[in-house]
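All remarks here apply to the structure that follows.
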Amino acid sequence: MNGEPIIKLENIEITYGNIKVLKGINLDIYDKEFVTLLGPSGCGKTTTLRIIGGFVEPQAGNICFDGKKINGVPPHKRQVNTIFQRYALFPHLNVYENVAFGLKLKKVNSGEIRTRVAEMLELVDLNGFQPRDVNSLSGGQQQRVAIARALINHPRVLLLDEPLGALDLQLRKEMQTELKKIQQRLNITFVYVTHDQEEALTMSDKIVVMNNGEIQQIGVPESIYNEPSNAFVARFIGDSNILDGIMHRDYFIEFGGNYFDCIDGGFEKTERVDVVIRPEDIIIEEPSDKNIIGIVEAVIFKGVHYEMIIDSFGVKWTVHSTSALTVGEAAGMNVSPGNIHIMKKTAETDISRIIINETDGGEIITE
Amino acid sequence: MNVQKLLKKIFSSGYTGFIFLFLYAPIFILIIFSFNASKSKSVWAGFTLEWYGRLFQNEFIISAFRNTIILALVSSVLAAILGTAAAIGIYSLKKRPKAVMMNLTYLPILNPEIITGVSFMLLFAFIKLSPGFLTLLIAHISFSTPYVILNLMPKLRQLDRYQYEAALDLGCNPFQAFRKVIFPEIFPGILSGFLMAFTYSIDDFVISYFVTGPEMQTLPIAIYSMIRKQISPEINALSAIMFTVVLVMLILVNIKDIRETKKREIKY
């Protein structure tokens, strides 16, 4: 990325009671980037956003804006604005007064306020809504008012805390495209918090996957999806089959009861590893000694594809395919070398795997 | 079926009618008798405004009325300020201390007034504060502050906590955020707490009786000392005026509420 980061987090730590909410966060956010903090609830993503907004003070570490340390600078003196969960519009003010709020504080003259409010409402497609009571607006419209109210202050960085969480699916999709358009048109930095991986993949230039107060992986959507750095990321971004494997030598791995060529190397001889295979990367073949043999246990129609659960000696595989097998049928599963993602086992992934196994009813099988 | 419906209607409206009759009959009789030409409490001897005229010449009642209004205004304004600060403080406490503070708030309301009155009397005697306006004021502020707090708590609970942060985010310092966002939101609660404190202050007899001095008569105390001698129709006139004032205030508040809701939608 070009030049110095606009926001720099260095070793940020937060502890509430005896719970470590953030365990040393290091993150660079560059100008005009759309960055998404993605993770399950309680992973620390919202806390990270609130630190940037100035609502939470880090107990350790530095936060810099444009190269200057801004620890302790109160929210109203920062060049960032926030879109809050559930919008936090001021109910005693109408749409115009809500949007004009920031400019009135800066004592901008009323003629200019009027024009800029009109421009902003135009931007969020709420032309002519000025005199409306905010309580009479729909969720989607309130959201747009909140966006206009924040953007009218020309922030360098806009922080968005799960802004689409309260909207229905249809509206959420519309707003995703619209937010991305707004970001590109205004050419400013967006820091977006969500637990919805699809939202993150759709909108972001850069995704920061978080879990248990730590950053798991930072990367562009494609690399997060295709090359997850550990089992947690793989599981959190899309459906995955995560298996135990043994690297017998470079480019040769054993998992699921068979041997496969792969494109990774550099492991110890017979090192135990995590293997991630996306359900859509599995090729269904006639059962043979060249593939993994299983029995089809369930077939679910998903629209574009069928999702099948295939049981192979107790390991339940999730497979996506455009053609369906019948339940009880024997199937052979194969994977091309490029689609076998191999990750070093770490204490951290082992812990997250135990959590995943508990919550997912054992879809992913460990030894 | 139809007969049943009819009966149901008659009984339900009859029941409501009775309740209102019991509530309002005494007040209407009082108003009617305030225009009675005779001093009798049972015989109607023709219409007169004599008692109203005499009331306004009665220096004793007028000064008591003035004292009551000044006391009620000053004590309820101070109670509103004190109560608002207290409510915000209590609201931001953690669960346990919050429950403790709320119970401490309820206690003075549940405590029999006579005990509050006697204990104030003892306290003022103990700290050698001579009874008069100041003692009355202190007592009135202390018994009406809990009403402000109790009226405000539900409003604070309704507040979206992000609204305060949103105000800071848009450039308010904490004081501006309170004044521009929190205060307008909770103002109806402060106002109703203030009005409650105001009426309780005007109404209070028991506590005032114990803490006031000979020079300082409030209206309830003045009325009490007058009827000990003889019930004068001037009291009827005074009561009728007070009831009418309250009635008019109630109507005005209602009209204002309706207007404000409408106005909000056309304000630009």
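The values are calculated or read from the model by the stated rules, or taken from the named source; none is laboratory data. These numbers come from a predicted model, not from an experiment. Glycine also receives a Cβ, built like all others from the backbone with ideal geometry; neighbour counts cover every protein chain displayed.
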Quiz prompt | Selected residue [of a type in the set (A, V, I, L, M, F, W, C) and either away from every other protein chain (no Cβ under 12 Å) or free of Cβ contacts under 8 Å to residues at least 12 places away in the same chain (or both)] from A:LEU151, A:LEU158, A:LEU169 | solution = A:LEU169
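Select the helices (runs of 4 or more DSSP H) contained entirely in the stretch B:1-107, then report the ones holding at least 1 residues which are closer than 21 Å to B:ARG157 by Cβ. Don't jump to the end; show me each part of the working.
Numbers: elements: B:2-33, B:50-57, B:59-91.
Result: B:59-91.
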Practice problem: Select from the stretch A:89-99 the residues that are facing another protein chain (nearest Cβ under 9 Å) and part of a helix (DSSP H, G or I) and write down the one among them that is surrounded by the most Cβ atoms within 10 Å (Cβ to Cβ). | Solution: A:TYR96
Self-check item: Boolean, A:LYS77 is of a type in the set (Lys, Arg) and either away from every other protein chain (no Cβ under 11 Å) or under 24 Å from A:GLU222 (Cα atoms) (or both)
Solution: no
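In the stretch B:187-202, which residues are β-branched (Val, Ile, Thr) and either more than 27 Å from B:LEU55 (Cβ to Cβ) or not in a helix (DSSP H, G or I) (or both)?
First pass over the stretch B:187-202, keeping only residues β-branched (Val, Ile, Thr): B:190, B:199, B:202.
Residue satisfying the conditions is B:ILE190 alone.
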Practice problem: Only residues that are surrounded by 12 or more Cβ atoms within 10 Å (Cβ to Cβ) and either within 20 Å of B:ILE227 (Cα to Cα) or of a type in the set (Lys, Arg) (or both): list them for the stretch B:29-47, please. | Solution: B:ILE29, B:LEU30, B:ILE31, B:ILE32, B:PHE33, B:SER34, B:PHE35, B:ASN36, B:ALA37, B:SER38, B:LYS39
Quiz item: Being of a type in the set (S, T, N, Q), crowded, with 18+ Cβ neighbours inside 10 Å and closer than 28 Å to B:THR199 by Cβ, is that true of even one residue in the stretch B:59-66?
Solution: no
Quiz item: Can we say B:ILE190 is modelled with pLDDT of 85 or more, in contact with a helix residue (DSSP H, G or I) (Cβ under 9 Å, 6 or more places away or on another chain) and away from chain A (no Cβ under 14 Å)?
Solution: no
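Restricting to the stretch A:26-49, and then to whatever is hydroxyl-bearing (Ser, Thr, Tyr) and more than 17 Å from A:LYS180 (Cα to Cα), can you tell me which residue is surrounded by the most Cβ atoms within 10 Å (Cβ to Cβ)?
Taking the stretch A:26-49 first, the residues hydroxyl-bearing (Ser, Thr, Tyr) are A:30, A:36, A:41, A:46-48.
Of the ones still in play, those that are also more than 17 Å from A:LYS180 (Cα to Cα) are A:41, A:46-48.
Values: A:SER41: 8, A:THR46: 20, A:THR47: 22, A:THR48: 29.
Among them, the one singled out is A:THR48.
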Quiz item: Restricting attention to the stretch A:278-306, and to residues there that are among the charged types (D, E, K, R) and touching a helix residue (DSSP H, G or I) at 6+ places or on another chain (Cβ under 8 Å), which single residue is farthest from A:PRO228 (Cα to Cα)?
Solution: A:ASP281
Quiz prompt | Filter result (buried (at least 23 other Cβ atoms within 10 Å of the Cβ) and aliphatic (A, V, I, L, M)) within the stretch B:145-159 | solution = B:VAL148, B:ILE149, B:LEU152
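Find the residue count for the stretch A:43-56, including only residues that are small (Gly, Ala, Ser), part of a loop (DSSP other than H, G, I, E, B) and either free of Cβ contacts under 8 Å to residues at least 40 places away in the same chain or within 12 Å of chain B (Cβ to nearest Cβ) (or both).
Residues of the stretch A:43-56 small (Gly, Ala, Ser): A:44, A:53-54.
Now narrow it down to the ones that are part of a loop (DSSP other than H, G, I, E, B): A:44, A:54.
From what is left, the residues that are either free of Cβ contacts under 8 Å to residues at least 40 places away in the same chain or within 12 Å of chain B (Cβ to nearest Cβ) (or both) are A:54.
Here the count works out to 1.
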Self-check item: Residues of the stretch B:134-187 classified as β-branched (Val, Ile, Thr) and within 14 Å of another protein chain (Cβ to nearest Cβ), total
Solution: 3
Quiz prompt | Residues of the stretch A:126-136 classified as in contact (Cβ under 8 Å) with a residue 24 or more places away in the chain and either closer than 20 Å to A:LEU160 by Cα or assigned to a helix (DSSP H, G or I) (or both), total | solution = 3
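Among helices (runs of 4 or more DSSP H) lying entirely in the stretch B:203-268, which contain 1 or more residues that are over 17 Å from the mean Cα position of the chain (by Cα) and within 14 Å of another protein chain (Cβ to nearest Cβ)? Walk me through how you get there before you give the answer.
Values: elements: B:206-211, B:219-229, B:233-266.
Of the helices (runs of 4 or more DSSP H) lying wholly inside the stretch B:203-268, those with at least 1 residues that are over 17 Å from the mean Cα position of the chain (by Cα) and within 14 Å of another protein chain (Cβ to nearest Cβ) span B:233-266.
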Practice problem: Test each condition in (1) away from chain B (no Cβ under 12 Å); (2) free of Cβ contacts under 8 Å to residues at least 60 places away in the same chain; (3) in a helix (DSSP H, G or I) for A:GLY102 and report the one that comes out false. | Solution: (1)
Practice problem: Output the number of residues of the stretch B:84-127 satisfying the condition of being among the aromatic types (Phe, Trp, Tyr), buried (at least 16 other Cβ atoms within 10 Å of the Cβ) and more than 25 Å from B:LEU191 (Cβ to Cβ). | Solution: 2
Quiz prompt | Any chance A:THR82 is among the hydroxyl-bearing types (Ser, Thr, Tyr), farther than 30 Å from B:THR261 by Cα and under 30 Å from the mean Cα position of the chain (by Cα) | solution = no
